[in-house]
Amino acid sequence: MTLEIFSSPTACTDFDLTGQILWPVSNLLGHFLASKIGQARIRHQRIVELGAGCGLPGLVAATLQAEHVILTDGNEVVMDLLQKNIDSCLQQ
């Protein structure tokens, strides 16, 4: 599986800008969700990713047969980035 995820490599880790960074743990969780065990856990489930930032884990879940996925974040700049990632995944 390949997903194109946009992030801001110049963003800092200030509390209100952290969602612009693709964190290593998001990458790790995405890999887990794509594994056989992860797929079995999310298939036909409803998923909410709170503070999704770039949204990688939620987008992986949506791609791998989760029944319904909701991605949230509390920052408008981050939500714009998240929407760009959602639109990109829908086109793939």
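Of the residues making up the range 50-92, those that are over 19 Å from H31 (Cβ atoms) and either of a type in the set (A, V, I, L, M, F, W, C) or in contact with a Pro (Cβ under 9 Å, 6 or more places away or on another chain) (or both) number 9. Taking residues in the range 30-44 that are at negative phi, and partners anywhere that are open to solvent by 50 Å² or more (accessible area, probe 1.4 Å), the pairs with Cβ atoms closer than 6 Å and at least 6 places apart or on different chains are A34/M1; G38/F32; R43/Q65.
Please verify whether C54 is under 10 Å from the mean Cα position of the chain (by Cα) and either at negative phi or in contact (Cβ under 8 Å) with a residue 40 or more places away in the chain (or both), treating the condition exactly as stated. Answer is yes for this residue. For the range 6-51, the set of residues classified as within 12 Å of the chain's Cα centre (by Cα) and within 13 Å of V78 (Cα to Cα) consists of F6, S7, G19, Q20, I21, L22, L50, G51, listed by residue number.
The values are calculated or read from the model by the stated rules, or taken from the named source; none is laboratory data. Keep in mind it's a predicted model, so treat the numbers as computed, not measured. Glycine also receives a Cβ, built like all others from the backbone with ideal geometry; neighbour counts cover every protein chain displayed. Protein only, heavy atoms only, side chains kept; ligands, DNA and RNA dropped before computing areas. Shrake-Rupley method; radii C 1.70, N 1.55, O 1.52, S 1.80 Å.
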